[in-house]
Amino acid sequence: MTVTNEDVGQQARTETPSSSHSFKALSRAAFKGFIRDRATLFWTILFPLMFLVIFGLLFNDGGENKTELGVVGDGPVITALEKTGAVEITEFDSQDAALTAVQEGDVPGYVAVDGDTVTVRYAASNQASAGVINGLVDGVVNNANMQAANVQPRFTVDAQQVEDSSLEPIQYLTPGLLAWAVAMGAVFGSALTLVVWRKNQVLRRLRLAPVSPLAILSSRLTVSIGIAFVQAFVFIALALLPVFGLQLSGQWYLAVPLVALGTLAFFAIGMLVGSFSKTEESASGAANLVVLPMAFLSGSFFPIDQTPEWLQAVSMVLPMRHLNDGLSAVLVRGQGLEAILLPCGVLIAFAVVVGFIASRVFTWDDA
Amino acid sequence: MTDHPSDALVVEDIHMAYGDVRAVNGVSFSVRQGEFFGILGPNGAGKTTTLEISEGLRKPDAGSVRLLGESPWPRNVRLLPRIGVQLQASAFFEKLTAREQLETFGDLYGCPPGRAMEMLEMVGLAEKANTPDNKLSGGQRQRLSIACALVHDPDIVFLDEPTAGLDPQSRRNLWDVLREIKARGKTIIYTTHYMDEAETLCDRVAIMDHGKILALDAPAALVRDLDAATRVSLTPGILPEEEARRLPGAESVDTDEISLTITTRTPAPVLTALAERQALDGLQVRTATLEDVFLELTGREYRA
Ligand SMILES: Nc1ncnc2c1ncn2[C@@H]1O[C@H](COP(=O)(O)OP(=O)(O)O)[C@@H](O)[C@H]1O
Ligand SMILES: [Mg+2]
């Protein structure tokens, strides 16, 4: 059957529509929709950054945890204590004042020097600080005694600092919060787009246009990956500021595949969330329900090795745990390619499995 | 139903139920190429469902659809560039301007750049090119939605209640747009619940109610077949009621404060007689409309 086209005007369809045309058009539309929506911009970019700033400033004062110590009087013992660098000294005028401070819990203990008498008082409630204070004062007083008696010490201690696996707060906060931010952006991006496009009929309209579902999906995914890279850039740039003092390791660029694959995995999770949600409210509720507990269990907000063993084991089934591990390995621990192989594998596996389920439950409309 | 080669759409005995609701219950019709075909009926009549089955958006429980000689279900990618669809609720991308909406849809069909502006001009929205869709009025949104359906120059256009909820002025503006599309040789299949509009615009209308087509013909033919009386109204007092009754062809005469109304099946001699008596003040001639057809078919007043 032939149909004559009687349109005398300009022929509109000059070429057969190609996937790359559709892909570009839809990517552009999704990108503009994203950057013009202030609320989305806030929740995906600014909100996680606020966490970085707040946590970074909260946990980063002075960096180390020093024991506080009250002192009364002065002399070589006090000077030596100060030089150890292990205590933070508060001066008091009298022993009475210092004692009151200990009783009220303001300082865990005090040292008073009166001539040759060194008095140490510490709070009974804080055994750990008491041990530190006792040990320090003992050592300092012994040294002073030996010097006073002109005795050469028989044993010497060679102590040196060794880098350990526990990190400065900013060093674990940056990869952890970044993983959380990337996950949030991807889940919300895909879930809300799916729900909104189903609700405002754009999906049905696209179904009636010669565009492949793959082009629809990949265009939105591309925008999400772009957003994730912007998140990563802003995050790291901010953390590098002297106030926060992030030390980036030389292999940081290995975070690029991790961020992309992390977005892919969480985009798939968002598709699943969006397939089951009828309204934007239920979609963002469900997305939060998935992402927030996962972030806690995967150690995005605190070091995972501070959690119980069983929790660490359980968290290995969560994609965010692997994204965290991978990001912290290459961003701050200075590990190489071998450290991202497992995380990348897990993220791809998640994307494939969840994406498959999402494609099974996908509907163009809610009727 | 005979399948004529120039039929753009042939729908045969389609049925569709949502649970217990029989939305479409045995509908058949065909639409010729270049025809302006209206599906007319009150809300819930099954117009949208009929249209969506014809477009290939829904699979009927039973019955068949041939759209440009092919089956639109399952999703028939070959057909898609040849049909243009405006859904009942307008489908726009969030946060895009009128022009960007059109450009996006245009790109999906491989339209040349510049086509978007052309379409905006056609529907009279050129000066709204940079306005986001949520800042457009109801009528402007409808026109943009129609432009999006036409951007790729389809052969068949499906429009679902394009004039619903518009003020009279916007409706008239849209009528001009629709006539313009028809003038370009497009086949238009559209739904409405405005009887007067269907009467003015459509080559043929199918009157639907409760999932069935009650009548299908040219609006004038439907009205003619009704053989309804014409009502001629005049300013009261201009003609004594007695004299009005004696006019040739007058069947009955009613008077109230507003008018004197003569009912007749032969309006020509009545009007000639009135003219001879110079009694034409406030003359109104009301012939039967599609609303009377609906009343006759269903036994109830038409309420959209
Ligand atoms: N998705 C749906 N689910 C359930 N019932 C529906 C659905 N869509 C339409 N209906 C019902 O089917 C009937 C016909 O609806 P519709 O085709 O939309 O009519 P119209 O477009 O003429 O108003 C109505 O009773 C409506 O309530
Ligand atoms: Mg409808």
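General observations
- Any chance B:E70 is among the charged types (D, E, K, R), modelled with pLDDT of 95 or more and away from ligand 2 (no atom under 16 Å from the Cβ): no
- The test for being away from ligand 2 (no atom under 16 Å from the Cβ) and at pLDDT 95 or above holds for B:A17.
- Only residues that are assigned to a helix (DSSP H, G or I), polar (S, T, N, Q) and more than 7 Å from every other protein chain (Cβ to nearest Cβ) were counted across region B:87-123, and they come to 1.
- The single condition from (1) crowded, with 21+ Cβ neighbours inside 10 Å; (2) farther than 30 Å from A:F59 by Cα; (3) not assigned by TED's automatic domain parsing to the domain that holds A:M271 that A:N142 fails is (1).
- Test: A:A313 is of a type in the set (A, V, I, L, M) and buried (at least 18 other Cβ atoms within 10 Å of the Cβ): no
- Taken as a whole, the structure places B:R78 among residues that are surrounded by fewer than 21 Cβ atoms within 10 Å (Cβ to Cβ), within 10 Å of chain A (Cβ to nearest Cβ) and in a loop (DSSP other than H, G, I, E, B).
- Region B:51-75 - residue that is in a helix (DSSP H, G or I) and among the acidic types (D, E) and, of those, farthest from ligand 1 (Cβ to nearest atom): B:E55
- Conditions (1) within 24 Å of B:T289 (Cβ to Cβ); (2) within 16 Å of ligand 1 (Cβ to nearest atom); (3) in contact (Cβ under 8 Å) with a residue 40 or more places away in the chain: number failed by B:T163: (3)
- Subset of region B:36-64 [near ligand 2 (Cβ under 9 Å from one of its atoms), at pLDDT 95 or above and surrounded by fewer than 22 Cβ atoms within 10 Å (Cβ to Cβ)]: B:T48
- If you go through region B:266-279 and pick out every residue that is surrounded by 12 or more Cβ atoms within 10 Å (Cβ to Cβ) and at pLDDT 85 or above, you end up with 9.
- Restricting attention to region A:205-217, the residues being part of a helix (DSSP H, G or I) and more than 38 Å from the chain's Cα centre (by Cα) number 2.
- Total residues in region A:289-310 satisfying the condition of being surrounded by 14 or more Cβ atoms within 10 Å (Cβ to Cβ) and of a type outside the set (G, A, S): the figure is 11.
- Residues of region A:245-260 that turn out to be surrounded by 16 or more Cβ atoms within 10 Å (Cβ to Cβ) and either within 15 Å of A:G176 (Cα to Cα) or without any contact (Cβ under 8 Å) to a residue 24 or more places away in the chain (or both), as a count: 5
- Residues considered: B:T192, B:T200, B:T187. Of these, the only one that is within 16 Å of ligand 1 (Cβ to nearest atom) and either modelled with pLDDT of 90 or more or in contact with a His (Cβ under 8 Å, 6 or more places away or on another chain) (or both) is B:T192.
- Condition met for A:V211 (of a type outside the set (D, E) and away from every other protein chain (no Cβ under 14 Å)): no
- Neighbours by Cβ (under 8 Å, 6+ apart or cross-chain): first from region B:204-229, farther than 15 Å from B:Y302 by Cβ and within 16 Å of ligand 1 (Cβ to nearest atom); second in a strand (DSSP E or B) and among the polar types (S, T, N, Q): B:G211/B:N25; B:K212/B:N25; B:I213/B:S28
The values are calculated or read from the model by the stated rules, or taken from the named source; none is laboratory data. Please read these numbers as outputs of a predicted model, since none were measured by experiment. A quick note on method: Cβ atoms are made from the backbone with ideal geometry, for glycine too, and the neighbour counts reach across all protein chains shown.
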